Amino acid sequence: MIRETSLDPSDFIYPLFVAEGIEERRPVPSMPGVFQVTLGDLNEEVDELVRLGIPSVLLFGIPGHKDSLGSESHAENGIVQRAIRTIKARAPGLEVVTDVCLCEYTDHGHCGLLNNDARPGLPEGYLLNDATLEVLGRIAVSHARAGADIVAPSAMIDGMVGRIRSDLDDAGYEMVSVMSYSVKYASAFYGPFREAAEGAPKFGDRKSHQMDPANKREAIREARLDVAEGTDFLMVKPALAYLDVIAELRAVYGELPIVAYNVSGEYAMIKAASANGWIDERSTALEVLTGIKRAGADIIISYFAKDVARWLGREARERR
Ligand code: PBG
């Protein structure tokens, strides 16, 4: 009764990796319990999430074909577009959030289009901001057309929220929300994800557009820009090393929901240590997730979502 913070399955968004060109679900070695699934596996996934009371999924696609323009990202029959339609046909009430980025679709693994010709003043391989914005807008509209409820631009490209918002509105999708990865640090904790989504940059890194872990004032500034451009949610990523940033955003932008992404490396650490018998998985995970919520997150994106729902369900049954 006097507990200040409690977790509920409805606090969570579960990330799903849907892959083209695989015959059956494939485990992600660095993320025990996480799989790349096929379109054919989706009904079963969806039924399980609904049964567990998890209201939402975050979709990532692994296309069969990658090219320098990331063409599959906005294809009518792209893997994510088909996955959205499949999920919505099975469970119309399950909220579908889609990752809007190019890194899983480009053969170079960067989050946008790169300069290929030696334009004056632009080094080769430089990320082209405006050309990328146009593609991000097309991706968002293609997801909305397929039935997505929320699009989550994760590229950290300047102006992406505004562009996506206006492209959605122009296409008649005013009801589709934008969940910007507003505060995304250049973090070492994304390592396992890059194995899961096969989106590691082939050269260079993302330091030019992701934030320096040392900066908090910059986080406020990034969030302010996204709020001005019309984001409906503010996301902080990763979560665990940035609880102060979550708390600060909650204090400054109390009117918007704050989303924390409990990322792949945070998941893998607990999995690895518990597999060695060094910590207890359930109590460590629940402690971490409770801490993220206590810091000010309203919504948590976590690979632990299904486990949490099972653990909480068991606790509730034990109390009865
Ligand atoms: C980019 C994206 C990344 C993650 C989510 N969206 C990778 C990156 O920014 O390099 C990481 C999520 C995780 O580590 O769990 N599309």
Which of the residues spanning the stretch 259-299 are within 21 Å of residue 5 (Cα to Cα), surrounded by fewer than 23 Cβ atoms within 10 Å (Cβ to Cβ) and among the β-branched types (Val, Ile, Thr)? 284, 288, 290, 299
For the stretch 221-241, does any single residue satisfy the condition of being surrounded by fewer than 16 Cβ atoms within 10 Å (Cβ to Cβ), more than 20 Å from the chain's Cα centre (by Cα) and not in a helix (DSSP H, G or I)? no
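Answer yes if at least one residue in the stretch 262-273 is over 21 Å from residue 303 (Cβ atoms) and not charged (D, E, K, R), and no otherwise.
Residues of the stretch 262-273 that are over 21 Å from residue 303 (Cβ atoms), as a first pass: none.
Within the stretch 262-273, none of the residues are over 21 Å from residue 303 (Cβ atoms) and not charged (D, E, K, R).
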Checking residue 243 against (1) of a type outside the set (Ser, Thr, Tyr); (2) more than 16 Å from the ligand (Cβ to nearest atom); (3) modelled with pLDDT of 95 or more; (4) under 29 Å from residue 174 (Cα atoms): exactly one of these is not met. Which one? (4)
Hits in the stretch 153-177 (condition: more than 8 Å from the ligand (Cβ to nearest atom) and under 12 Å from the mean Cα position of the chain (by Cα)): 153
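Does residue 128 meet the test of being of a type outside the set (Lys, Arg), crowded, with 21+ Cβ neighbours inside 10 Å and under 26 Å from residue 68 (Cβ atoms)? Break it down into steps so the answer makes sense when it comes.
Numbers: of a type outside the set (Lys, Arg): yes; crowded, with 21+ Cβ neighbours inside 10 Å: no; under 26 Å from residue 68 (Cβ atoms): yes.
Taking the combined requirement at face value, the residue does not satisfy it.
Condition first: assigned to a strand (DSSP E or B) and in contact with a strand residue (DSSP E or B) (Cβ under 9 Å, 6 or more places away or on another chain). Can you find one or more residues in the stretch 160-177 that meet it?
Within the stretch 160-177, the subset assigned to a strand (DSSP E or B) is 177.
Now restrict to residues that are in contact with a strand residue (DSSP E or B) (Cβ under 9 Å, 6 or more places away or on another chain): 177.
Looking for residues that are assigned to a strand (DSSP E or B) and in contact with a strand residue (DSSP E or B) (Cβ under 9 Å, 6 or more places away or on another chain), one finds at least one in the stretch 160-177, hence yes.
Kindly evaluate residue 267 against the criterion of being within 16 Å of the ligand (Cβ to nearest atom) and more than 21 Å from residue 102 (Cβ to Cβ). Explain how you work it out, then say what you get.
Numbers: within 16 Å of the ligand (Cβ to nearest atom): yes; more than 21 Å from residue 102 (Cβ to Cβ): yes.
Here the answer is yes, as residue 267 does meet what is asked.
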Neighbours by Cβ (under 8 Å, 6+ apart or cross-chain): first from the stretch 296-320, over 12 Å from residue 49 (Cα atoms) and touching a residue at least 24 places away in the same chain (Cβ under 8 Å); second of a type in the set (Lys, Arg) and in a helix (DSSP H, G or I): 296/250; 297/250; 300/293; 311/282
Residues of the stretch 161-181 satisfying the condition of being without any contact (Cβ under 8 Å) to a residue 40 or more places away in the chain and surrounded by 22 or more Cβ atoms within 10 Å (Cβ to Cβ): 168, 176
Quick one: what pairs do we get from the stretch 248-263, first residue on the phi > 0 side of the Ramachandran plot, second away from the ligand (no atom under 16 Å from the Cβ), C-beta under 6 Å, 6+ apart or different chains? none
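The values are calculated or read from the model by the stated rules, or taken from the named source; none is laboratory data. Here the structure is a predicted model, which means the values were calculated and not measured. Neighbour counts run over all protein chains shown; Cβ positions are idealised from the backbone, glycine included.
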